[in-house]
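These notes are about the structure you will find just below.
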Amino acid sequence: MTLRIPEVDIIFEIRSRHRPGILGKIFSVIGSEGGLVGDITTKFVGKTHSVRDITISVFDVEHQHRIEQAIAELTDAEILQIRDPVFERHKGGKIHSGRTSDIRTLADFRYVYTPGVARVCTTVRDNPAKAREYTGIANSVGIFTNGTRVLGLGDIGALASLPLMEGKALLYDQFVGISATPMLIETKDPEKFVEVVEQISPSFGGIHLEDIRNPDCFYIEDELIRRLHKPVMHNDQHGTATIVLAAVMSAMAHIGHRFDQRLTVAQIGLGAAGFGIAKLLIDYGVNVIGFDPSEEARKRLGMLGGKETTMEEALSGADIVIAATGVPGLIKPDMIRKGQIIFALSNPVPEIYPEEAIDAGAAFAADGRQINNALAYPGLLKAALEMDIDQITPKMKMAAATAIFELTEPDELVPDPLRPEVHKKIVEAVKKSR
């Protein structure tokens, strides 16, 4: 039986007697209840008592309460408070509009504001291309969403999606120095969405589309690419596709094989992510077969050059299986063919856990936690802005994927996104691909 690991971190502030063995007993009680001890921070040590922050990974709130009860009943420790580090990190938001220069003198004031700024305004009026030089447009991105398909949560609305959009803006800034602004659009009408983005688009050098339901996302992206003369990228399609292509290359290397175009890849689930993955693999020259319950989605794959098939045939006939369906547990162990590579990408619960796939005979398996598109989209849009181009091409995505693969350490599937040099090298590789 596959062992599940708790993954929700909760911080327990615990006051206990300062005596040998006391801490060990507390840890033993936590472990007996299935909790996983993480970071430990000592906040106070006195003659008789100590206070520590202990991070404990739990499955859910009910599991957390069982651990609280066990500590209270089986030890003499006192829980002073319980904190959720995720909510603590989101308090007050994660981004703010900043400046790139300071005003220290009256001259500075006159130069950056009135009256000096009028000269720059008229220069841009007479030559709009100068806006790239004299404003922040050339290094800015608008992150547009209506919150109709957020993570594994579905249609939660634009406002509820804002914490995620702020996180993406933070990553843009930290990873590649792009100023990114979340833009929430309260409409489910694709045409209205397009019109709003079109009207706001002069504020930004690039357009990032995020968490828009299928099939609206395809129409919205296609229309904006047609109407706007600046890079437009639906991240759920293209950022995800780029990192998955890199991960496939890496998985093949892990099992000692080269990613050969003669291989057959099955894409199960042809929503935004699945379609984007299939499209990039087809562009790369790979034989792609695919399944989705939607006839429209299957036809869309066929128009690209992929082959429609059943789920059973996709699983039995593929060397590599990529699932992006949003259906937990969809793939059963007895469906896996020995030696296959399995990517089950749905979050928070995959179609099959990697451990189950390996136990069933897969040569390699991974889930969505190991394949994060944050490795791809910052570098792709940064390169597009620096190149001053209208569209992000398949060639650019392939260059980014190859760079990600080449930057992967032997014990990794893809690189750690917190390595600063990774994003810099992705930008360089994409710019060279032109």
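The values are calculated or read from the model by the stated rules, or taken from the named source; none is laboratory data. A quick note: this is a predicted structure, and the numbers were derived from the prediction, not measured. Positions of Cβ are generated from backbone atoms using ideal geometry, with glycine treated the same way; all protein chains shown enter the neighbour counts.
Among the residues of segment 11-28, not a single one is exposed (fewer than 15 other Cβ atoms within 10 Å of the Cβ), under 24 Å from GLU355 (Cβ atoms) and either free of Cβ contacts under 8 Å to residues at least 12 places away in the same chain or aromatic (Phe, Trp, Tyr) (or both).
If I filter segment 377-392 down to residues being part of a helix (DSSP H, G or I) and closer than 26 Å to LEU345 by Cα, which single residue comes out as farthest from the chain's Cα centre (by Cα)? For segment 377-392, the residue satisfying everything is LYS382.
Per-residue answers, yes or no, for (1) loosely packed, with under 14 Cβ neighbours inside 10 Å; (2) among the acidic types (Asp, Glu); (3) under 24 Å from ASN373 (Cα atoms); (4) in contact with a Gly (Cβ under 6 Å, 6 or more places away or on another chain):
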position	(1), (2), (3), (4)
CYS121	yes, no, no, no
VAL124	no, no, no, no
ASN146	no, no, yes, no
MET165	no, no, yes, no
THR181	no, no, yes, yes
LEU209	no, no, yes, no
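Of all residues in segment 327-380, which are crowded, with 20+ Cβ neighbours inside 10 Å, in contact with a Pro (Cβ under 8 Å, 6 or more places away or on another chain) and β-branched (Val, Ile, Thr)? Hits for segment 327-380 are ILE342, ILE352.
Among the residues of segment 393-413, not a single one is touching a residue at least 12 places away in the same chain (Cβ under 8 Å), in contact with a Gly (Cβ under 9 Å, 6 or more places away or on another chain) and assigned to a loop (DSSP other than H, G, I, E, B). Would you check which residues across segment 255-269 are of a type in the set (A, V, I, L, M, F, W, C) and outside any strand (DSSP E or B) and list them? Selection gives ILE255, PHE259, LEU263.
When the residues of segment 208-254 are filtered to those that are in a loop (DSSP other than H, G, I, E, B) and among the hydrophobic types (A, V, I, L, M, F, W, C), the one that is farthest from ILE392 (Cα to Cα) is ILE212. The residue that is farthest from GLY167 (Cα to Cα), counting only those in segment 89-112 that are of a type in the set (Lys, Arg) and out of contact with any helix residue (DSSP H, G or I) (no Cβ under 6 Å at 6 or more places or on another chain), is ARG110. Among residues of segment 354-378 that are within 18 Å of ILE320 (Cβ to Cβ), those with a beta-carbon under 7 Å from a residue that is acidic (Asp, Glu) and buried (at least 22 other Cβ atoms within 10 Å of the Cβ) at least six positions away or on a different chain give the pairs PRO354/ASP367. Taken together, the residues in segment 359-376 that are over 16 Å from VAL427 (Cα atoms), small (Gly, Ala, Ser) and outside any helix (DSSP H, G or I) amount to 6.
Let's see how each residue does on (1) of a type in the set (A, V, I, L, M); (2) at pLDDT 95 or above; (3) touching a Lys or Arg at 6+ places or on another chain (Cβ under 7 Å); (4) not assigned by TED's automatic domain parsing to the domain that holds LEU184:
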site	(1), (2), (3), (4)
THR100	no, no, no, yes
THR122	no, yes, no, yes
ALA129	yes, no, no, yes
ILE143	yes, yes, yes, no
GLY152	no, no, no, no
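SER161 falls short on exactly one of the conditions (1) in contact with a strand residue (DSSP E or B) (Cβ under 7 Å, 6 or more places away or on another chain); (2) loosely packed, with under 12 Cβ neighbours inside 10 Å, and that condition is (2).
Does PHE204 fit the bill of being aromatic (Phe, Trp, Tyr), outside the structural domain of PRO417 (by TED's automatic domain parsing) and either surrounded by fewer than 20 Cβ atoms within 10 Å (Cβ to Cβ) or over 14 Å from ARG149 (Cβ atoms) (or both)? In short, yes. Scanning segment 97-114 for residues that are of a type in the set (Gly, Ala, Ser) and more than 40 Å from the chain's Cα centre (by Cα) yields a single hit, ALA107. Taking the stated definitions as given, is GLU198 of a type in the set (D, E, K, R), closer than 21 Å to GLN391 by Cβ and either surrounded by 17 or more Cβ atoms within 10 Å (Cβ to Cβ) or in the same structural domain as GLY379 (by TED's automatic domain parsing) (or both)? Spelling it out, it is not the case that GLU198 is of a type in the set (D, E, K, R), closer than 21 Å to GLN391 by Cβ and either surrounded by 17 or more Cβ atoms within 10 Å (Cβ to Cβ) or in the same structural domain as GLY379 (by TED's automatic domain parsing) (or both).
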